[in-house]
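Inspection log for the structure reproduced underneath, given as structure tokens.
The values are calculated or read from the model by the stated rules, or taken from the named source; none is laboratory data. This one's a predicted model, so the numbers in the text were calculated from it and none came from an experiment. A quick note on method: Cβ atoms are made from the backbone with ideal geometry, for glycine too, and the neighbour counts reach across all protein chains shown. Please note that ligands, DNA and RNA were not included when accessible areas were found on the heavy atoms of the full protein model with its side chains. Shrake-Rupley method; radii C 1.70, N 1.55, O 1.52, S 1.80 Å.
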Amino acid sequence: MLTTIIYRSHIGKNTSEPEVKKFIEKANLRNNHVEVTGILLFDGEHFLQLLEGPEEEVDKLYRTICEDKRHFSLTELLRDYSVERHFGHSGMELFDLRNYEKAAVLDAVLARATSTFKLTYDDRTLQFIKTFVECESKDSYLELAESESWQFEPIEVAPTQEANAVKDLPYTFGFQPIINPSSRKVYSYEAKMRAADGQSPLKFFASLDRDEIYHVDLSSKQTALCMAKSLQLHHYSLVLKLLPMTLVKNPDAVTFLLNAIKENGFVPQQIVISISEDSVVHENETFTAEVMKLKRAGIRIAIDNFGAGMAGLLLLTRIQPELVMIDSDLLQNVHKNGPKQAINQSIIKICSSLEIQVIASGITQAEEWSWLRLAGVKAFQGDLFATVVPRKLPAIHWPIKS
């Protein structure tokens, strides 16, 4: 299968231009052998390379390129399949954009094209090349520093207090913080359900029928609030996750939540109800009405797993949340994935214009945090900073530049 990959990267500060030409010559010999072709553009600071060939060989070559220390901030912009090559001449020609008048560069690139139907401005591959050639604001690229390195260490001893656990329940909770790593501020704690043995609760939920799931989902919030009380979390906001249909299937859900909040010494303004976007809502009007009841009581609303489901932007307009928690799959490896970068920047821009706080959840890599920080995100959650510890508050690992 013919595969196309386009990536952008930044030349390393210790990489000379003669060295660039030498490794291109070596790459050409290797690429010819495995039938990989393409084109490489260079503007003196950034590379844009297009690779085309058999899927297995292109993937293998790209992995090698990703590990090359002569460039950094490598971002995959496109990975696609095609019926024929755009640039089928043997070898990997280096185009130094500085050697051409700007108006002539694109024509020079097109002259190397070998596709049966001449590349047009409707061709997505050409659009990436055109944008790179004509871009006058490469300072707008969100790039991690070449030598940036972080360690994550707890500044304080982890709390040892354990929450009171209700006996005979098949589940428990851990409390994972949502933080601003740069200012070392804890925004809130999210109550995360775990099975009684501390593992995922999926097996437990799989044993329930549908209506039981919604009943347990609601009643478990009483347990979460009770545990939060025993862990003395009254000075923080508390995030409680609900399935959307829990509000529909339990007519007294809002009253139940308000009573549980009061009984455990919290006030509604401290509580954030997180609604999962990747769950189906069958009765939209009832659901929206219940959300409005929560908001009128002073409870804030968050959309969780934002970007993972089908409701996304429509749900955003319907319930007007105060917070959005971006789905962790959209954030995984965001620092080197162009499509994910574009989607996340759009989400961040939309939420900023609506005064909605963005939370980047599920962060496991320092590079993910660094890129999202550059993109304007301040609130983070994930195992990079603190894991979920059943019945206890975890130690928070704050970033320290090494």
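Miscellaneous remarks
- Beta carbons closer than 9 Å, at least 6 apart along the sequence or on distinct chains, pair a first residue in segment 388-402 that is over 14 Å from R194 (Cα atoms) and outside any loop (DSSP other than H, G, I, E, B) with a second that is open to solvent by 30 Å² or more (accessible area, probe 1.4 Å) and of a type in the set (G, A, S) for P399/S182; K401/S149.
- Residues of segment 229-274 satisfying the condition of being open to solvent by 10 Å² or more (accessible area, probe 1.4 Å) and β-branched (V, I, T): V248, V254, T255, V267
- Residue among L330, L372, L323 that is at pLDDT 95 or above, hydrophobic (A, V, I, L, M, F, W, C), within 28 Å of T125 (Cα to Cα) and open to solvent by less than 20 Å² (accessible area, probe 1.4 Å): L372
- Residue check for K349: more than 19 Å from V248 (Cβ to Cβ) and either touching a helix residue (DSSP H, G or I) at 6+ places or on another chain (Cβ under 6 Å) or buried (at least 18 other Cβ atoms within 10 Å of the Cβ) (or both): no
- Among the residues listed as V105, V58, V83, V109, the single one being at pLDDT 80 or above, surrounded by 13 or more Cβ atoms within 10 Å (Cβ to Cβ) and of a type in the set (V, I, T): V58
- Qualifying positions in segment 279-305 - at pLDDT below 90, over 24 Å from the mean Cα position of the chain (by Cα) and exposed (fewer than 14 other Cβ atoms within 10 Å of the Cβ): H282, E285
- Screening segment 1-111 for helices (runs of 4 or more DSSP H) wholly inside it with 1 or more residues that are of a type in the set (S, T, N, Q) and within 26 Å of the chain's Cα centre (by Cα) returns the ranges 55-66.
- Residue check for A260: more than 20 Å from V358 (Cα to Cα) and free of Cβ contacts under 8 Å to residues at least 40 places away in the same chain: yes
- Residues that are at pLDDT below 95 and out of contact with any helix residue (DSSP H, G or I) (no Cβ under 9 Å at 6 or more places or on another chain), drawn from segment 256-278: D278
- Residue match in segment 245-255 (condition: under 19 Å from P394 (Cα atoms), out of contact with any helix residue (DSSP H, G or I) (no Cβ under 7 Å at 6 or more places or on another chain) and of a type outside the set (G, A, S)): no
- Conditions (1) under 20 Å from E134 (Cβ atoms); (2) at pLDDT below 90; (3) not basic (K, R); number of the one not met by Q49: (2)
- Every pair of residues 6+ apart whose Cβ atoms lie under 9 Å, when the first sits in segment 137-158 and is more than 20 Å from K69 (Cα to Cα) and in contact (Cβ under 8 Å) with a residue 40 or more places away in the chain while the second is open to solvent by 80 Å² or more (accessible area, probe 1.4 Å) and assigned to a loop (DSSP other than H, G, I, E, B): K138/E45; Q151/S402; I155/R184
- Some residue of segment 149-161 being surrounded by 13 or more Cβ atoms within 10 Å (Cβ to Cβ) and farther than 25 Å from E368 by Cβ: yes
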